[in-house]
Structures are given as structure tokens and as C-alpha cells.
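Trainee: Before I ask anything, here is the structure I am working with.
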Amino acid sequence: MDPFPSGDVRIDLDDEGKPPAPSENGVHPAGVPPPSQVSARRADIDAKQEQLAHMVETVGCEAILLLVPAHVAWFTSGLNVRGLIAESERPGVYTNGRQRWLLCSNVDTHRLFDEELDQLGFQLKEWTWSGGRADLLMNVTTGRKVAGDRPFPNMPVLTDRLRPFLRVLSAVEQEAYRSLGRVLAHAVEATARTLSRGQTEQEVAGQVGHRLLHRGADVVAVSVTADNRGERFRRAGFTPAEITETCVIQATAQRDGLYATASRAVSFGHPPEAFRGGFERALRLAALYRVQSLPGETLVTARAGEQAILAGTPHEFDGRLSQPGYGTGRLVAEELRRAGQDEKLAAGQAVVWQPRVGPAAVVDTVLVDPDGANCITPPEDWPFKRAIVRGKAHDIPDILIR
């Protein structure tokens with residue numbers, strides 16, 4: 001079965017690809033952001049407020065209350081909330097479609113406006129730490145017809161209506177996303193280039209986390225699989241196991257309320273046959289998935305192509321052991337199925353493709369585009385193989401041999 005049925009699709013895996021020139025690491029500039037950045041972000045928030053204004057009218061309510069962190073980050077175009085542990089301490093957003101308010105504790109007001117929301121058109125509704133958030137929520141909803149994203153008595157829940165807005169990233173969000181992707185790829189690659197034989201998975205995970213935090217990104221998850229442990233456990237985490245021959249490092253990072261995931265594989269000397277064979281098949285699957293990162297495509301096509309690539313190999317049934325990918329972006333991970341049905345991809349949607357074959361994995365985050373996948377975690381200073389898809393080159397990370 002041909003996994004690339006269209007005659008104008010060609011996958012060329014070039015063994016002699018050279019790493020692309022290093023790019024900026026995406027670190028946020030210190031101090032006050034430039035006026036152009038503030039202006040673009042404010043315009044993005046205005047557009048989202050307009051979307052909710054239409055929703056207010058459609059639902060027949062007076063205002064909308066957002067408390068789910070992903071929804072708050074979406075509406076504010078990237079509010080970073082660090083240091084708040086309890087759910088009841090996290091800020092929210094209240095809008096009637098014409099004006100917008102941040103709802104937050106008096107403990108955090110100064111910091112959030114000083115570092116995150118200055119000049120972005122937000123007013124303030126504040127609760128005291130002694131009174132708590134519940135009192136403020138009661139105050140802003142009592143006697144008004146308010147819809148929200150959390151269940152409250154007599155309040156319509158809008159989570160399903162908001163979901164399409166979060167799935168498609170705006171131009172401002174995509175720019176921030178690419179910056180995060182560069183930071184993530186740099187952290188994983190730098191760790192892989194400098195790890196030593198005999199180090200433990202735990203030590204390597206700590207180095208990835210350090211590099212991400214050092215560049216302003218939060219660590220969401222890290223997985224380090226030494227040697228063949230990835231064949232036994234597809235969601236491996238990290239352990240005190242020592243690395244002797246091969247290692248796959250995978251990390252998920254968050255910044256500006258956006259999530260991205262990437263992996264890189266390294267081998268001390270020539271990779272064992274089982275690892276090399278599994279990686280080559282995972283790499284071909286990664287190329288296939290990028291072909292299918294088009295608006296209107298679904299996981300159905302990905303699964304069919306996966307079967308064709310793995311058929312007759314020692315990994316023929318590996319597709320049963322992990323899903324090919326999942327949605328991401330404003331949510332750390334979201335199934336690409338709803339009610340048992342595969343959803344169609346949308347232009348501007350973020351997807352993590354994660355082919356795992358045997359002990360190997362090739363994981364990257366892409367944006368769905370009419371011209372094919374746009375990878376936001378491309379190889380920076382790393383060997384790669386080049387896939388040519390409808391005349392467009394996709395650089396897919398190869399194994400780094402140390």
C-alpha cells in the first residue's frame with residue numbers, strides 16, 4: 001500500500017543534510033517590551049474580545065467569565081502566571097464584549113500588571129487574600145446573566161464553544177510559539193551534545209530542565225530513555241538507569257501559555273542495529289505525518305500510512321503501542337478525536353507528531369499549514385535528513401553519533 005498516494009508527493013531522505021545555521025534562542029528581551037510588540041499583542045487581545053462579544057450576543061448573556069488557565073492565557077495573548085500553586089489563587093478574566101477586566105488577588109495585582117498586562121487595556125477587579133476569590137466571583141455574577149468556562153449554578157458553560165478559538169493560533173501567537181520552539185530545541189540538543197556515557201537519566205533530565213528555565217521557559221515534562229528502555233516503556237519518564245549506548249531525550253516546555261514538545265536521539269558510537277532500524281522507520285513516519293499536516297486531514301490517513309511503512313518489519317505492530325500524535329498549543333495535550341470520531345485538522349493548529357518504533361522516537365511540534373507542516377522545533381545544530389514534500393523541504397532530526 002502506498003502511504004503517499006498523491007503523484008506530486010515525494011519523500012527524499014537525504015543522508016548528507018547539514019545542520020541549518022544557528023538561529024536566535026527566542027529569549028524575551030529584558031525590561032519593557034518594544035512598542036510594536038505591545039501594539040501587536042493588544043490588537044490580538046482586541047480581536048479575541050470581539051470574538052467573545054459575538055458569543056455574548058449569541059448566548060444571550062451580559063458577560064463571560066474565564067477561569068480555566070488555557071482560556072485566560074488565550075484571551076490575554078500569553079499571560080504568564082508563575083508562583084501560584086492553589087487553583088483558587090489563579091487570576092481570571094471578565095468581559096462584556098466591550099471592556100475587559102483582570103480578576104486577581106491583591107497580592108498579585110502589582111506584579112501581573114507591571115510584568116504582563118501593562119498597556120493592554122485591562123481594568124481590574126480584585127479580591128483580598130483574606131476574603132478569597134469566591135467572594136469576588138459571587139460579586140461579579142450575582143444579579144447578572146453571566147456565562148463561564150467552569151460549572152456554576154445557573155450559569156451556561158462555554159467550554160465547547162471556546163475550543164475552536166483555542167485550536168487555531170493567531171499570527172501573534174504563532175510568532176511567540178516559534179520562539180518557544182527554538183528555546184526548546186536548543187535545550188534538548190545542547191543537553192544531548194554534552195551528556196556523557198554513564199550519566200543517569202535523572203541527571204540528563206535535570207540538565208534539560210536547567211536549560212529551559214535559564215531561558216525563561218517552564219518545564220512541563222521530561223523523558224529520558226537510556227539504551228533499549230524505550231522499547232519496553234513508550235512513556236518512559238526518567239530513572240536512575242545509566243546511559244551506555246543510546247539515549248532519547250524528550251521535553252515539553254511552556255511559555256506565554258503555549259506548550260511545545262520535541263525529542264532528539266544520541267548514540268555513543270555506531271547505533272545498535274535494533275535502535276538504528278527503529279529510528280529509520282520512525283523517521284519515515286515523521287516525514288509521512290508532515291505530509292498529512294494539512295487542513296482537513298485526520299489521523300485516519302496517518303494510521304493507514306503507518307501500517308504500510310511498518311508492514312513486514314520487526315515493528316509491524318508498534319502502532320498499537322502509542323498514538324501517532326495529539327493536539328497542543330494552548331493545551332499541553334489534546335486528543336485529535338471527539339466522541340470516537342477523528343477531527344479534521346485546521347490551518348494554524350498545533351500538533352505534536354510522535355512516531356515511536358522499537359526503542360527509538362522522533363518527536364516534534366508542527367503548525368498545520370495549507371503548504372504542509374511548519375515545524376516550530378526544527379534542528380538547530382544537529383544532523384538531519386531532508387524530506388521533500390510537494391517541493392517543500394522538511395528537516396527531520398537524525399541520530400547524533402558521539
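The values are calculated or read from the model by the stated rules, or taken from the named source; none is laboratory data. Because the structure is predicted, anything quoted here is derived from the model rather than measured. As a convention, Cβ positions derive from the backbone with ideal geometry for all residues, glycine included, and neighbour counts pool all protein chains shown.
Trainee: Those residues that are more than 17 Å from N80 (Cα to Cα) and not charged (D, E, K, R), I need them from the range 94-105; list them, please.
Mentor: Y94, T95, N96, G97, Q99
Trainee: Return yes when D118 is loosely packed, with under 15 Cβ neighbours inside 10 Å, of a type in the set (D, E) and more than 22 Å from F152 (Cβ to Cβ) and no when it is not.
Mentor: yes
Trainee: Examine the range 320-335 for a residue that is closer than 21 Å to E189 by Cα and among the acidic types (D, E), and state whether such a residue exists.
Mentor: Within the range 320-335 (the criterion being closer than 21 Å to E189 by Cα and among the acidic types (D, E)), the answer is no, since none of the residues qualifies.
Trainee: Checking the condition part of a loop (DSSP other than H, G, I, E, B) and modelled with pLDDT of 95 or more, which residue from S6, S77, S23 passes?
Mentor: Residue meeting the stated conditions: S77.
Trainee: Quick one: which residue in L294, L336, L321, L367 is more than 26 Å from R197 (Cβ to Cβ) and touching an Asp or Glu at 6+ places or on another chain (Cβ under 6 Å)?
Mentor: Of the residues listed, the single one that is more than 26 Å from R197 (Cβ to Cβ) and touching an Asp or Glu at 6+ places or on another chain (Cβ under 6 Å) is L336.
Trainee: Still on this structure, please answer the following. Regarding the range 268-275, can at least one residue be identified that is part of a strand (DSSP E or B) and modelled with pLDDT of 95 or more?
Mentor: No: zero hits.
Yes/no matrix, rows are residues, columns are (1) of a type in the set (F, W, Y); (2) under 27 Å from I243 (Cα atoms); (3) free of Cβ contacts under 8 Å to residues at least 12 places away in the same chain; (4) assigned by TED's automatic domain parsing to the domain that holds A282:
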position: I309; (1), (2), (3), (4): no, no, no, yes
position: D318; (1), (2), (3), (4): no, yes, no, yes
position: T328; (1), (2), (3), (4): no, no, no, yes
position: L345; (1), (2), (3), (4): no, no, no, yes
position: P370; (1), (2), (3), (4): no, no, no, yes
position: W382; (1), (2), (3), (4): yes, yes, no, yes
position: A387; (1), (2), (3), (4): no, no, no, yes
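Trainee: Would you be able to say whether some residue in the range 87-105 is under 25 Å from A217 (Cβ atoms) and out of contact with any strand residue (DSSP E or B) (no Cβ under 9 Å at 6 or more places or on another chain)?
Mentor: Yes: the range 87-105 contains one or more residues that are under 25 Å from A217 (Cβ atoms) and out of contact with any strand residue (DSSP E or B) (no Cβ under 9 Å at 6 or more places or on another chain).
Trainee: Still on this structure, please answer the following. Based on what the data block shows, is E126 more than 21 Å from V332 (Cα to Cα) and loosely packed, with under 13 Cβ neighbours inside 10 Å?
Mentor: no
Trainee: Just give me the residues in the range 103-125 being touching an Asp or Glu at 6+ places or on another chain (Cβ under 9 Å) and under 19 Å from F75 (Cβ atoms), in sequence order.
Mentor: Answer for the range 103-125, where residues must be touching an Asp or Glu at 6+ places or on another chain (Cβ under 9 Å) and under 19 Å from F75 (Cβ atoms): L103, C104, S105, D108, T109, G121.
Trainee: For the range 221-253, name all the residues that are among the polar types (S, T, N, Q) and crowded, with 16+ Cβ neighbours inside 10 Å.
Mentor: Matches in the range 221-253: S223, T225, N228, T246, Q250, T252.
Trainee: Do you know which residues across the range 140-151 are without any contact (Cβ under 8 Å) to a residue 40 or more places away in the chain and either surrounded by 13 or more Cβ atoms within 10 Å (Cβ to Cβ) or touching a strand residue (DSSP E or B) at 6+ places or on another chain (Cβ under 8 Å) (or both)?
Mentor: The one that is without any contact (Cβ under 8 Å) to a residue 40 or more places away in the chain and either surrounded by 13 or more Cβ atoms within 10 Å (Cβ to Cβ) or touching a strand residue (DSSP E or B) at 6+ places or on another chain (Cβ under 8 Å) (or both): P151.
A quick yes/no check of all residues on (1) of a type outside the set (S, T, N, Q); (2) under 30 Å from the mean Cα position of the chain (by Cα); (3) part of a helix (DSSP H, G or I):
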position: L84; (1), (2), (3): yes, yes, no
position: R111; (1), (2), (3): yes, yes, yes
position: L120; (1), (2), (3): yes, yes, no
position: S130; (1), (2), (3): no, no, no
position: L136; (1), (2), (3): yes, no, yes
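Trainee: Search the range 206-220 for residues being under 15 Å from T194 (Cβ atoms) and of a type in the set (G, A, S), and hand back the single one that is surrounded by the most Cβ atoms within 10 Å (Cβ to Cβ).
Mentor: Looking at the filtered set, the residue picked out is G209.
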